[in-house]
2 protein chains.
Amino acid sequence: MAKPNLDMQARTMLKAAALYCTQGRVAILKVLLKAGRPLSQDQIARRSGPGRFDKVTIYRTLESLLKVGLVHKAFMDKRAWHFELAHNCTESQCHPHFTCTSCGDTHCLTEISLPMAKSPHKGFVIHRQQVRLEGLCPACA
Amino acid sequence: MAKPNLDMQARTMLKAAALYCTQGRVAILKVLLKAGRPLSQDQIARRSGPGRFDKVTIYRTLESLLKVGLVHKAFMDKRAWHFELAHNCTESQCHPHFTCTSCGDTHCLTEISLPMAKSPHKGFVIHRQQVRLEGLCPACA
DNA sequence: AAACATTTGCAACTTAGTTGCAGATTTGTT
DNA sequence: AACAAATCTGCAACTAAGTTGCAAATGTTT
C-alpha cells in the first residue's frame, strides 16, 4: 500500500529463496530494505509497528532469512563482553582480534599493526577502530 | 604463592593507579595478565577459582579497572545482535560499520573496500573479517 | 588499633535471546 | 473456492548477561 516497490522487492526475494511470503517476513524484510543498515530486534519491532509482531516471531523470522542467506548478523560477537589489559593499545586503536569459530577462544594479533582509517565521509569523526577476524585457530584447524 | 612475579606486577599496577589492593582486584588482574587475551566475566570467574568471587564483584572490579584505564572492553558492541541485508557482502568480508557513540546508530560504509587480511600466523585459517569504527556521526558531531 | 573510605556478597531485577506447544497462515491441489 | 499439508505465529515460561541497593566485610591512613 504505502510502498508497492519495496513490497514487491521483498516478495521477489522471498520467492527466489523458496520461503513462504508471510506477513512477518515481508514486513521485516521491508524494514531492513528501507533502513539499509544493521538493526536489532528491538529496532525492527518498533519500525514494523509496535506490538505488531511478537519478539519471538521476529527472532525466528530473522533466523529463517539468515538460513537462506538473505540476511546476516552484522557483528559476530557472543553476547558477553570481553575484557583485556589495555597495554599495547593506543586510545584509538587496539590490535586485531581473532576468534575461533570452533573453540570460541579469542586471540590477540599484536604483531599486526594497521593504518588508522580516514574519515569515510565528511562529518564523521572517528574515535576508535576495531578489526576482528573469524576462522579456525591452529589447535582446531 | 604460585606466581610471586604476577602478584607483584598486579599490585604495582594497582598502586600506580591509586586503587585499593583488594583480593578481588589482584586476583582478577593476575588472571588477565596470565591470559594475555580478552576474557568474559564467566571465564574470569572460572579461572580465579569457581565460587571464589561473586559475579557482581567481578563486574564491579572490572569496571574500576576500566575507569583507570588498566583494562578495556575488547569488543565495543551493545549486547544485542544486529541484522542487515546480506547483499554487497562477500562470504568472507562485509563492509565496515560505523557506530556513533552519541546516538548509537550504526551506518554501513559501503564505499570503502578493504584488502582481506593474510593469515597472521602459521595455522590460523581466516574465514571472515570485520572492521568497525566508533565515533560521532555527522548529525551528532 | 580506631576511624574512615572502599569493596564485597546477597537478593532482586532488567534485558536479550531461547524453547515447547497449540492455534493461525500460507501454499499447492482439486 | 475450498481442503489438506506444511509452515509460521503468539503465548508463557525459561536461561544467561548484566545492573542496582544495601548491609556487612575489607583495606588504608593516622
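The values are calculated or read from the model by the stated rules, or taken from the named source; none is laboratory data. All figures in this text were calculated on a predicted structure; none of them were measured in a lab. A quick note on method: Cβ atoms are made from the backbone with ideal geometry, for glycine too, and the neighbour counts reach across all protein chains shown.
In the stretch A:130-141, the residues that are more than 14 Å from residue B:94 (Cα to Cα) form Cβ pairs under 7 Å with partners that are part of a strand (DSSP E or B) and β-branched (Val, Ile, Thr), at six or more places apart or across chains, as follows: A:135/B:125; A:135/B:126; A:136/B:125; A:141/B:125. Residues in the stretch A:8-18 that are within 15 Å of DNA strand D (Cβ to nearest atom) and surrounded by fewer than 18 Cβ atoms within 10 Å (Cβ to Cβ): A:11, A:15, A:16, A:17, A:18. I'd like the full set of residues that are closer than 20 Å to residue A:46 by Cβ and within 12 Å of DNA strand C (Cβ to nearest atom), limited to the stretch A:3-21. Scanning the stretch A:3-21 gives a single hit, A:10. The set of residues in the stretch B:1-18 that are within 14 Å of another protein chain (Cβ to nearest Cβ) and of a type in the set (A, V, I, L, M, F, W, C) comprises B:6, B:10, B:13, B:14, B:16, B:17.
I need the strands (runs of 3 or more DSSP E) fully contained in the stretch B:1-111, keeping only those with at least 1 residues that are farther than 30 Å from residue A:30 by Cβ and modelled with pLDDT under 90.
The qualifying strands (runs of 3 or more DSSP E) are B:71-73.
Looking only at the stretch B:28-39, decide whether some residue is within 15 Å of DNA strand C (Cβ to nearest atom), outside the structural domain of residue B:134 (by TED's automatic domain parsing), without any contact (Cβ under 8 Å) to a residue 40 or more places away in the chain and within 28 Å of residue B:100 (Cβ to Cβ). No, the conditions are met nowhere in the stretch B:28-39. Restricted to the stretch B:19-55, and to residues there that are at the interface with chain A (Cβ under 10 Å from one of its Cβ atoms) and touching a Phe, Trp or Tyr at 6+ places or on another chain (Cβ under 9 Å), the residue that is farthest from DNA strand D (Cβ to nearest atom) is B:32.
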